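Notes for the one structure printed next.
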Amino acid sequence: STARLKYEQALKIKPGENYPKSMLERVSQGTEQLKDAQQNYQAAIAGADKLFDKKDYETALLAYQNALKILPSEKYPSQQIEKIEAILLQKQKLDENYAKAIAAGDKFLVEKQYAEAKTEYQNANNLKPDESYPKQKIEEVAGLLLALKEAERNKKYLSVVAEADQLFDSKDFNQALLKYQEATTIKPE
């Protein structure tokens, strides 16, 4: 460093002076401390980068903050901290939207608004495809919708058969036959 050269020159001029000697020792100590700081910084960054690559963002954030404390003038930790904060904010929004979709789906399910519930559960599933809860609820709602559709079909079938029976009992056989044929189109089985 420049300071070291100046103190060494001063010692050459006046070899007996204590001040340049003590300052050279301090420069040497400072150089050692800087080396140690750089080694600690490199180790901290390597650890933080591993955590970042593993997507352990909360722990990586702390590790980058620690690296920044070791060498505050370094820009890389600050850049990584900004990236992590953006990722965490995005994750927070995703979690909030997922929770809203699940809550809405659960509410619609309780209110027996099955189509709306299914839509909300599908939204939740699109946000977090690895979660099992939305998938289970989608299947549950699909089963309920199928049962509801089958119940409506049965109700209509029974209504048409009842009409046909009345027509048959009143001896209107042509109309009764038409109603029985209509019933077979509703439930061919």
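Restricting the range 30-102 to trypsin sites (Lys or Arg not before Pro) that sit in a DSSP loop and have at most 11 other Cβ atoms within 10 Å of their own Cβ leaves K54, K55, K75. Global size of the range 125-176: 20.7, 63 Å for Rg and Dmax (C-alpha atoms, Rg to one decimal, Dmax whole). Straight-line cross-link reach from K137 at under 21 Å between alpha-carbon atoms covers these lysines, not counting any fewer than eight positions away in the same chain: K100, K107, K112, K118, K128, K149. If the chain linking D169 and E96 were pulled fully straight, counting 0.36 nm for each residue of separation and taking away their Cα-Cα distance, it would gain 20.0 nm. Tell me which GluC sites (Glu not before Pro) from the range 93-156 have a DSSP coil assignment and no more than 13 other beta carbons within 10 Å of their own. In loop regions of the range 93-156 (DSSP not H, G, I, E or B), the sparsely surrounded GluC sites (Glu not before Pro) are E111, E131.
Note on F168: accessible area approximately 100 square angstrom, rounded to 10, probe 1.4 Å, nucleic acids and ligands left out. Taking all protein chains together and rolling a 1.4 Å probe, I70 ends up with roughly 60 Å² accessible. Using the Cβ of A48 as centre and a radius below 15 Å, the other residues enclosed give a net charge of -1, where K and R count +1 and D and E count -1.
The values are calculated or read from the model by the stated rules, or taken from the named source; none is laboratory data. Everything numeric in this text was worked out from a predicted model, so none of it was measured. Because the Cβ atoms are built from the backbone with ideal geometry, glycine has one as well, and the counts that use them run over all protein chains shown. The accessibility values were calculated without ligands, DNA or RNA, using every heavy atom of the protein model including side chains. Shrake-Rupley method; radii C 1.70, N 1.55, O 1.52, S 1.80 Å.
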